[in-house]
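Trainee: First, the structure itself, so that you have it in front of you.
The values are calculated or read from the model by the stated rules, or taken from the named source; none is laboratory data. Keep in mind that what you see is a predicted model, and the values were worked out from it rather than measured. Positions of Cβ are backbone-derived with ideal geometry, glycine not excepted, and every protein chain shown enters the neighbour counts. Please note that ligands, DNA and RNA were not included when accessible areas were found on the heavy atoms of the full protein model with its side chains. Shrake-Rupley method; radii C 1.70, N 1.55, O 1.52, S 1.80 Å.
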Amino acid sequence: MTIREYRKNLMIIRDIDSDVISEAYFILKNDIYEKESKEKISEEAERILRECDARAKRSRRVFPAVLLGFLTGTGICAFLVSLLILCIQFSM
């Protein structure tokens with residue numbers, strides 16, 4: 001993150017080192033500058049962006065695992081049905 005702009009209650013962060021997020025806008029509370037310093041606000045924004053980037057990376061890996069589980073279950077069911085059909089044919 002290189003550029004930070006503060007406008008009234010808006011903090012804009014650009015050039016984020018992320019595959020998902022390129023620019024972020026944070027709407028701040030009205031009295032935040034009286035209570036907190038700019039460094040603490042920036043740290044909080046960076047933490048939020050890191051968590052969002054980590055969640056996005058995790059969610060991309062979940063879909064193939066779900067697809068693999070579905071295909072495995074379907075394959076096992078097809079195998080059992082074909083085995084049942086073979087058993088019925090040989091018993092006649």
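Trainee: With every protein chain left in place, what is the accessible area of F26 in Å² (1.4 Å probe, nearest 10)?
Mentor: Counting only protein heavy atoms, F26 exposes about 40 Å² to solvent.
Trainee: Here's a follow-up. Please list 76-84, 35-43 highest first by mean number of surrounding beta-carbon atoms within 10 Å per residue. All intermediate terms of the calculation are to be shown ahead of the outcome.
Mentor: Values: 76-84: 10.0, 35-43: 12.2.
Taking the mean over residues of other Cβ atoms within 10 Å, the ranking is 35-43, 76-84.
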